[in-house]
Amino acid sequence: MEKNSSTEKGEMVEEPLLLHNSETQKGGLRTLPFILGNAVLMNAATAALTPNMILYLMNEYHMDMTTGSNIIYIWSAVTNIAPVVGAFMADSFVGRFQTIGLGSVVALVGMFLFWLTSVIPQARPPPCGDSTNICRSAEMFQLFFLCFSLGIVAIGVAAFKSTSLAFGSDQLKWEVHLENPCAMERYFSWYYALYALSLVIALTCLVYIQVNMGWALGFGAPVLLMLFATLSIYLGTPFYVKLKPKPSLMTGFFQVVVAAYRNGCLRLSSESADILYHQKKGSTIVLPNPQLDLSSDGEATDPWRLCTVDQVEELKALLKVVPIWLTGVVLSINISQTSFPVLQANTMDRHIGSSFEIPAASFGIFIVISGILWIVLYDCLILPVASKLTGKPVHFSTKQRMGFGLVLSFLSVLVVAVVEGVRRNIAITEGYSDDPKGVIPMSAVWLLPQNCLTSFAEALNAIGQNEFYISEFPRSMSSIAASLIGLGMGVGNLLASFLMNTIDNLTKREGQESWISSNINKGHYDHYYLILAGFSLVNMLCYIVCSRGYGPCKGEEEETKEEEDP
């Protein structure tokens with residue numbers, strides 16, 4: 001049973017009645033199995049597509065390295081940027097439950113269409129001729145069908161990403177208020193733990209099926225997972241608290257910009273000596289006219305001409321963090337390099353013992369494991385040891401952690417360049433110049449340092465960014481804070497695509513072999529990663545300037561003052 005209550009701004013919101021019988025009250029812990037089940041299955045299904053995607057595009061669609069990587073970059077960019085639009089639509093127009101349900105259905109349809117590319121021979125080019133070694137490129141319709149299916153998956157996943165975590169927290173507001181104050185903290189912990197578990201499943205079980213049982217079964221399994229995810233979210237329909245949409249902060253940002261533009265030509269005049277504002281010499285302040293500008297309830301009659309101080313401050317807080325956010329975008333370029341590591345691992349000895357061979361795409365699991373280990377070691381070992389050595393509690397600020405993450409990201413691409421230089425020299429020495437699939441006598445264990453450094457860099461910078469935005473923004477901007485990292489990843493994907501295309505075009509002039517060659521033994525990916533290292537070094541210096549220019553974070557001024565006082 002539900003009732004409608006009115007917020008301060010007059011929006012109608014559905015809330016559960018505070019009933020004594022908890023069985024008839026909506027929301028609560030009983031909704032979490034449906035929401036978390038949907039999240040785990042959706043994450044596992046979509047994460048299973050990325051690791052082997054470059055091999056699928058190169059082997060089945062006969063694409064070169066650059067074309068296949070561009071498709072992956074653009075697909076990843078849409079998947080990361082679209083949730084910002086999805087969150088706006090869910091909060092302002094559609095509602096969170098409707099968004100996550102519709103997103104699950106759309107992702108299921110897209111995943112099914114993508115699976116058809118592996119089942120229907122006409123959906124992809126014919127195999128290369130064994131005797132002639134001639135490979136036909138994909139036809140226009142085949143490329144359209146491939147990109148269309150991936151686009152549908154991206155739209156569905158974006159709708160899910162934008163609402164899943166927030167929708168679960170909606171169910172626990174009364175649980176926290178009434179009887180279980182730790183429910184929300186446990187929910188977030190379980191959500192991220194199960195998210196990590198879904199990545200492990202995708203990078204091990206599902207990748208193993210793709211490599212050893214074929215693409216049809218390998219891409220069919222995620223379709224089944226997506227089907228179960230869709231059923232999971234709808235099975236809990238009778239139990240959910242469903243909040244109605246209300247005006248979004250994004251609308252407020254646009255209103256401030258439009259109002260500033262429309263009021264830019266106003267001449268300031270008259271009274272108000274008791275109010276202090278920054279103004280040009282010779283001008284005075286114009287206050288809202290209660291009869292013309294405000295309604296009877298105190299709201300602006302035209303919010304696109306008159307905005308509140310809170311709206312202006314929220315936009316200022318967002319603009320203030322943009323320079324630091326941009327440094328995270330450059331780090332995302334390094335993290336976006338998912339295609340080459342698979343091709344690199346595919347040419348190295350990946351055996352454990354004499355019989356078991358780790359799939360090349362499964363090496364991403366070491367990034368996930370390293371990230372989890374780093375978080376545990378940071379909280380349980382590094383901070384306690386540092387506190388014991390200094391004799392006082394040690395706490396690294398968000399800006400320090402973000403900066404250290406940028407340093408580790410620079411080291412990671414530098415290590416990739418060195419390891420690839422060694423691998424390429426061995427491949428050429430062993431006579432594999434014309435055989436990019438030949439396995440050289442070099443252990444894939446050499447890839448672990450770069451995986452660990454990438455994981456540590458991402459964990460430090462991403463967690464630091466999340467905490468930085470949430471602590472610096474007003475409480476009303478929590479949803480915007482949570483979406484900034486995903487937006488940065490999407491922009492980083494697009495920049496990575498632009499950078500790869502530029503280097504490819506510049507290095508293959510006059511008949512030279514491109515550094516981004518499909519034959520990695522003839523290409524120069526070591527040089528390519530050195531360029532990424534150069535960008536990372538410049539980005540570190542820019543971050544130092546931006547961090548100092550930003551000034552102290554909230555709470556740091558008080559801590560500095562206490563340390564200076566005797």
| remark: Nearest-0.05 FRET efficiency for Asp302 and Phe93 at R0 = 22 Å, using Cβ-Cβ distance, is 0.55
| message | I'd like the accessible area for His395: 1.4 Å probe, protein heavy atoms, all chains in place, Å² to the nearest 10. | response | 120
| field | Euclidean distance between Cα centres, the stretch 302-336 to the stretch 445-503, Å | value | 16
| request: Mind checking the per residue accessible area of the stretch 311-554 for me, 1.4 Å probe, whole number of Å²? | output: 47
| said: Explain nothing, just compute: Karplus ³J(HN,Hα) = 6.51 cos²θ - 1.76 cosθ + 1.60, θ = phi - 60°, for every residue of the stretch 107-121 in order, whole Hz, x for Gly and Pro. | reply: 4, 4, 4, x, 5, 5, 4, 5, 4, 4, 5, 8, 9, 8, x
| query | Give me the log10 of I(q) over I(0) for the stretch 311-554 at q = 0.07, 0.08, 0.17 Å⁻¹, as the Debye formula computes it from C-alpha points; what are the numbers? | reply | -0.29, -0.37, -1.26
| request: Obtain the nm distance between the two label points defined at Glu139 and Ser443 by a simple spin-label model: each point lies 7 Å from its Cα along the Cα-to-C-beta direction. | output: 5.0
| request: Please get the size of the charge dipole for the stretch 381-484, origin at its Cα centre, with Cβ charges of +1 on Lys and Arg and -1 on Asp and Glu, quoted in debye to the nearest 20. | output: 500
| task | Return a whole-number percent for the relative contact order of the stretch 311-554, with Cα pairs under 8 Å and 6 or more residues apart as the contact set. | result | 33
| note | Expected unfolding gain across Tyr192-Arg548 under the 0.36 nm per residue rule, minus the alpha-carbon gap, is 124.9 nm
| Around Glu357, which amide H atoms from residues at least 5 apart in sequence, or from another chain, sit under 5 Å from its own amide H, with H modelled in the peptide plane? | Ile352
| remark: Taking 0.36 nm per residue of separation between Leu506 and Ser387 and subtracting their Cα-Cα distance, the length gained on full extension comes to 37.7 nm
| query | With respect to the cross-link table entries Lys161/Lys437; Lys437/Lys508; Lys392/Lys554; Lys320/Lys388; Lys316/Lys399, which display a Cα-Cα separation exceeding 31 Å? | reply | Lys161/Lys437; Lys320/Lys388
| message | Please report the carbon-and-sulfur percent of the accessible area for the stretch 311-554; probe 1.4 Å, protein heavy atoms only, DNA, RNA and ligands left out. | response | 68
| note | With all protein chains in place and a 1.4 Å probe, Asp310 shows an accessible area in Å² (nearest 10) of 110
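The values are calculated or read from the model by the stated rules, or taken from the named source; none is laboratory data. Since the model is a prediction, treat every value here as computed from it, not as a measurement. Cβ: placed from backbone, ideal geometry, glycine included. Neighbour counts: every protein chain shown. Note: areas computed on protein heavy atoms with side chains; ligands, DNA, RNA excluded. Shrake-Rupley method; radii C 1.70, N 1.55, O 1.52, S 1.80 Å.
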